[in-house]
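Taking it in order: structure first as structure tokens, then the write-up.
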Amino acid sequence: MGLLKWKNGPVRSWDRYGEDVLADDPLAPRLTESRTVRAELGLVVEDAETGWTGAVVNVEKAGGMLVVALEDRLGRVRSFRMGAGFLIDGEPVTLIPDVTHARGAAGRRRTASGSFAVDGARARVARASRIWVEGVHDAELIARVWNEDLALEGVVVERLDGIDHLPERVAEFAPSAHARLGVLVDHLVEGSKESKIAAAVTAACEPGSILILGHPFVDVWEAVRPARLGVAAWPAVGRGVDWKVGALRALGWPHATQADVAAAWRRILGAVRDHKDLEPALLGRVEELIDFVTADGADPPHL
């Protein structure tokens, strides 16, 4: 019986010819085992998929799963699913909760977006850089969760009122390295009209001056976790039907008038308490846009 030697331990296999002298080739790729590490406060790790590197500042349950919050050197916080997929000094690790610190840094208040609040800080003068969203509901939802963070950073969110207006609006704004433009688009999927407009606009602008991101939802309402509304899932709405009206009809909510739609939105928005009530597909895109318009090289806010 031969013995194949791997980095994560011996694996026995039957070999009628005895041990293979080439089985331990030093040039062959090695299988690396991920070691288990407790997510202690202050532990610096890297998310292998995104490259985000930060210190552990909190571990909590969100959306039925454990997430770990990592704070980078600029004080920005992002949350990732607890488990495998992290690196420490380039080596893969699997994070498990450290129960002695599971509630995070004692005494530090968090904003609705999940970042640490800066109590006593004044809102800053608005930057030249902007974030644009498609409609009023998008703007209200972002304000609900990120308003405190946006005020601190001096970032203004403006309504675009539809992707069709994007080319002329961008030409008028004339984004640059110091006046950056972040755009959040509904239902930005490959091959769609929205994706073609976004690609053309990006190509026409100075590199690094504009970032157009999208979420997969037909309407931003879908970014609110349905459990907050007491339903299992958002209903599927057929083509040719106004999505909001179709969704309300399927849910059994009033939908005959614009007043009904407005009342439904107030109900949905009122159910949103913080970032944990939104889908990750929206959370990630908004955080990316905020990072983009506040990154080094963009216009600094004035106190």
Is it the case that some residue within segment 105-112 is surrounded by fewer than 18 Cβ atoms within 10 Å (Cβ to Cβ), of a type outside the set (D, E, K, R), at pLDDT 70 or above and over 17 Å from the mean Cα position of the chain (by Cα)?
no
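Looking only at strands (runs of 3 or more DSSP E) that fall completely inside segment 143-214, which ones have 1 or more residues that are more than 29 Å from ASP277 (Cα to Cα)?
On the way: elements: 156-159, 181-185, 210-214.
Correct list: empty, since no element meets the threshold.
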Those residues of segment 205-217 which are over 15 Å from ARG285 (Cα atoms), within 22 Å of the chain's Cα centre (by Cα) and surrounded by fewer than 18 Cβ atoms within 10 Å (Cβ to Cβ) amount to GLY208
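Residues checked against (1) in a loop (DSSP other than H, G, I, E, B); (2) in contact with a strand residue (DSSP E or B) (Cβ under 7 Å, 6 or more places away or on another chain):
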position: ARG38; (1), (2): no, yes
position: GLY42; (1), (2): yes, yes
position: THR50; (1), (2): yes, no
position: VAL59; (1), (2): no, yes
position: ALA69; (1), (2): no, yes
position: ARG78; (1), (2): no, yes
position: LEU87; (1), (2): no, yes
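Tell me which residues, restricted to segment 265-292, are part of a helix (DSSP H, G or I), of a type in the set (D, E, K, R) and loosely packed, with under 15 Cβ neighbours inside 10 Å.
ARG266, ARG267
State yes or no: is LEU181 under 24 Å from GLU140 (Cβ atoms), surrounded by 13 or more Cβ atoms within 10 Å (Cβ to Cβ) and in contact with a Gly (Cβ under 6 Å, 6 or more places away or on another chain)?
No.
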Take segment 180-226 and flag every residue that is of a type in the set (A, V, I, L, M, F, W, C) and within 19 Å of VAL145 (Cβ to Cβ).
VAL183, LEU184, VAL185, LEU213, PHE217, VAL220, TRP221, ALA223, VAL224
Suppose the filter is more than 30 Å from LEU74 (Cα to Cα) and in contact with a strand residue (DSSP E or B) (Cβ under 7 Å, 6 or more places away or on another chain); does GLU190 pass it?
no
Mind telling me which of the residues TRP253, TRP234 ends up being crowded, with 18+ Cβ neighbours inside 10 Å and either touching a strand residue (DSSP E or B) at 6+ places or on another chain (Cβ under 7 Å) or over 19 Å from GLY162 (Cα atoms) (or both)?
TRP234
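The values are calculated or read from the model by the stated rules, or taken from the named source; none is laboratory data. The structure displayed is predicted, hence computed values, not measured ones. Every residue, glycine among them, receives a Cβ derived from its backbone with ideal geometry; neighbour counts consider all protein chains shown.
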